[in-house]
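Undergrad: First the structure, then my questions, so here it is.
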Amino acid sequence: QVQLVESGGGLAQAGGSLRLSCAASGSIFRINAMGWYRQAPGQQRELVARITTDGSTNLADSVKGRFTISRDNAKNTVSLQMNSLKPEDTAVYYCYALLKVVVAMRWSDYWGQGTQVTVSS
């Protein structure tokens, strides 16, 4: 069994900063990519940022220059530093991991429970 536990999020003013963190635990054999998606009310879930084991990243155009994703492979954690926040960043943010569990040994997607980020204007 695998758990992705998120922390951080909350309320910020436009122009402010927040930091999200996520820790993966359980019967993990190996993690490939980790990242963050978000879903605003009435919208589809969208990729915010993604980072692979070797540190390669890709970020949504809407957050480039404002958000930074980082990862600690030894601790199975991923973080998202969000600066210069805008009201349109308001959404539920979900941690994501593409990993293999010890028993199944096949790549599968895992998700956190989501954390609310609200940016006021």
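The values are calculated or read from the model by the stated rules, or taken from the named source; none is laboratory data. Here the structure is a predicted model, which means the values were calculated and not measured. Here Cβ is always computed from backbone atoms with ideal geometry, including for glycine, and neighbour counts include all displayed protein chains. Accessible surface is based on the protein model in full, side chains and every heavy atom, while ligands, DNA and RNA are left aside. Shrake-Rupley method; radii C 1.70, N 1.55, O 1.52, S 1.80 Å.
Undergrad: May I ask you to say which residue of SER25, SER7 is in contact (Cβ under 8 Å) with a residue 60 or more places away in the chain, surrounded by 13 or more Cβ atoms within 10 Å (Cβ to Cβ), out of contact with any Pro (no Cβ under 9 Å at 6 or more places or on another chain) and over 20 Å from SER84 (Cβ atoms)?
TA: SER7
Undergrad: For the stretch 100-121, which positions are at pLDDT 95 or above and not in a strand (DSSP E or B)?
TA: Once the filter is applied, which keeps residues that are at pLDDT 95 or above and not in a strand (DSSP E or B), the stretch 100-121 yields GLY112, GLN113, GLY114.
Undergrad: Which one of these does LEU47 not meet: (1) in contact with a Phe, Trp or Tyr (Cβ under 8 Å, 6 or more places away or on another chain); (2) in contact (Cβ under 8 Å) with a residue 24 or more places away in the chain?
TA: Only one criterion in (1) in contact with a Phe, Trp or Tyr (Cβ under 8 Å, 6 or more places away or on another chain); (2) in contact (Cβ under 8 Å) with a residue 24 or more places away in the chain is unmet by LEU47, namely (2).
Undergrad: Suppose we keep only residues that are among the basic types (Lys, Arg) and open to solvent by 60 Å² or more (accessible area, probe 1.4 Å) within the stretch 36-76. Which one would you say is farthest from CYS22 (Cα to Cα)?
TA: LYS64
Undergrad: State which residue is most open to solvent (accessible area, probe 1.4 Å) when the search covers only the stretch 85-106 and only residues that are over 13 Å from MET34 (Cβ atoms) and hydrophobic (A, V, I, L, M, F, W, C).
TA: VAL103
Undergrad: Follow-up question, since we're still on this one. Take residues that are within 11 Å of the chain's Cα centre (by Cα) and tell me which of the strands (runs of 3 or more DSSP E) falling wholly in the stretch 1-99 contain 2 or more.
TA: Filter on the stretch 1-99 gives 2-8, 18-26, 28-39, 46-51, 67-72, 77-82.
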